[in-house]
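Working notes, beginning with the structure itself.
The values are calculated or read from the model by the stated rules, or taken from the named source; none is laboratory data. The model shown is predicted, which means the values in this text are computed figures rather than measured ones. Cβ sites come from the backbone with ideal geometry, for glycine too, and all protein chains shown count toward neighbours. Accessible surface areas use protein heavy atoms only, side chains included; no ligands, DNA or RNA. Shrake-Rupley method; radii C 1.70, N 1.55, O 1.52, S 1.80 Å.
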Amino acid sequence: MRCDEVRPRLDAYIDGELGEAERALLRDHLAGCPECGPEAAALERQRDDIRRSAPIYRAPEALRSRIRGALRDEAATSALATRAAPGWLAYAASILLAVAVGSGGTLLITGERQEDAVAGELIDSHLRSLLGSHLTDVASSDQHTVKPWFAGKSAVSPPAVDLAGEGFPLVGARLDVIGGKPVPALVYRRREHVINLFVLPASRGELSTTLTRHGYTLRHWNEGDLGFWTTSDAAPSELAEFERVFRAATQG
């Protein structure tokens, strides 16, 4: 792996969020790279210092119960899909998103299973951002700070706009990993709710405008060659309003 491929993945590597195959590639690179190796070591020291000095909070029981229920539902759904479909078809469905994003092309989504794959990836990323310490890589409401930060880090350049005047303040942004590729995520708030807005290449084919999975809502739309996926535990009507004001701000 090259340094420009490794650096966007360092946070996920340090937090143990990568699969073993990808983790092994990064570990090999870090062992021999005089630049990335020390950078990873510094991040590990910083993580350990934070763990030693920061107070530990237990997640509320309601949140813990919701996560356990979501995991049970996901396991049951996966088991049913595996029994109902030939092995190669189930495997193809599971890697659809990775192939589509990894190719740098557009997403071709047809059928409930593929839509579920997209929803699962994005909800997982949303949950990781809430439960870990990686909500933002750059914490700022200034679009002139957030947008340039993504330069050279991902294949798409997200339009970062602060919508505080409409009740959706921009908190910051981060680089997430979807399908094994770095994907921009803009982070907004709606009162006590966090809204993650993922920016991917525009998709083709029939997709539901709004999806609900395990208590979380996802909303999708395209603008030109960019596809936007927003997810939150806010009400569907609030995400629809977020889309309206975001599109008005970026298309105006």
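Listed by first and then second residue, the pairs linking a residue in the range 226-252 that is over 10 Å from Phe168 (Cβ atoms) to a residue that is among the β-branched types (Val, Ile, Thr) and open to solvent by 30 Å² or more (accessible area, probe 1.4 Å), with Cβ atoms under 6 Å apart and 6 or more places separating them unless they lie on different chains, are Pro236/Thr210. Counting only residues that are at pLDDT 90 or above and among the aromatic types (Phe, Trp, Tyr), the range 142-180 holds 1 of them.
Within the range 141-153, the set of residues being closer than 21 Å to Arg9 by Cα and in contact with a strand residue (DSSP E or B) (Cβ under 6 Å, 6 or more places away or on another chain) comprises Val146, Trp149, Phe150, Lys153.
Has the range 161-169 got at least one residue that is within 18 Å of Glu121 (Cα to Cα), of a type in the set (Asp, Glu) and surrounded by 17 or more Cβ atoms within 10 Å (Cβ to Cβ)? Quick ask: steps written out before the conclusion?
First, the residues of the range 161-169 that are within 18 Å of Glu121 (Cα to Cα): none.
No: zero hits.
One line per residue, one yes/no per condition, for (1) open to solvent by 60 Å² or more (accessible area, probe 1.4 Å); (2) at pLDDT 90 or above; (3) not in a loop (DSSP other than H, G, I, E, B):
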residue: Leu18; (1), (2), (3): no, no, no
residue: His29; (1), (2), (3): no, yes, yes
residue: Asp49; (1), (2), (3): yes, no, yes
residue: Leu63; (1), (2), (3): no, no, yes
residue: Arg66; (1), (2), (3): yes, no, yes
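Do we find that Val156 is touching a strand residue (DSSP E or B) at 6+ places or on another chain (Cβ under 8 Å), part of a loop (DSSP other than H, G, I, E, B) and not aromatic (Phe, Trp, Tyr) in this structure?
Numbers: touching a strand residue (DSSP E or B) at 6+ places or on another chain (Cβ under 8 Å): yes; part of a loop (DSSP other than H, G, I, E, B): yes; not aromatic (Phe, Trp, Tyr): yes.
Yes, satisfied.
Test Ser133 against the criterion of being open to solvent by 60 Å² or more (accessible area, probe 1.4 Å), modelled with pLDDT under 75 and outside any strand (DSSP E or B), and give yes or no.
Numbers: open to solvent by 60 Å² or more (accessible area, probe 1.4 Å): yes; modelled with pLDDT under 75: yes; outside any strand (DSSP E or B): yes.
It is true that Ser133 is open to solvent by 60 Å² or more (accessible area, probe 1.4 Å), modelled with pLDDT under 75 and outside any strand (DSSP E or B).
Among residues of the range 162-185 that are in contact (Cβ under 8 Å) with a residue 40 or more places away in the chain and over 13 Å from Leu197 (Cα atoms), those with a Cβ under 7 angstrom from a residue that is assigned to a loop (DSSP other than H, G, I, E, B) and of a type in the set (S, T, N, Q), sequence gap 6+ or separate chain, pair up as Pro182/Ser154.
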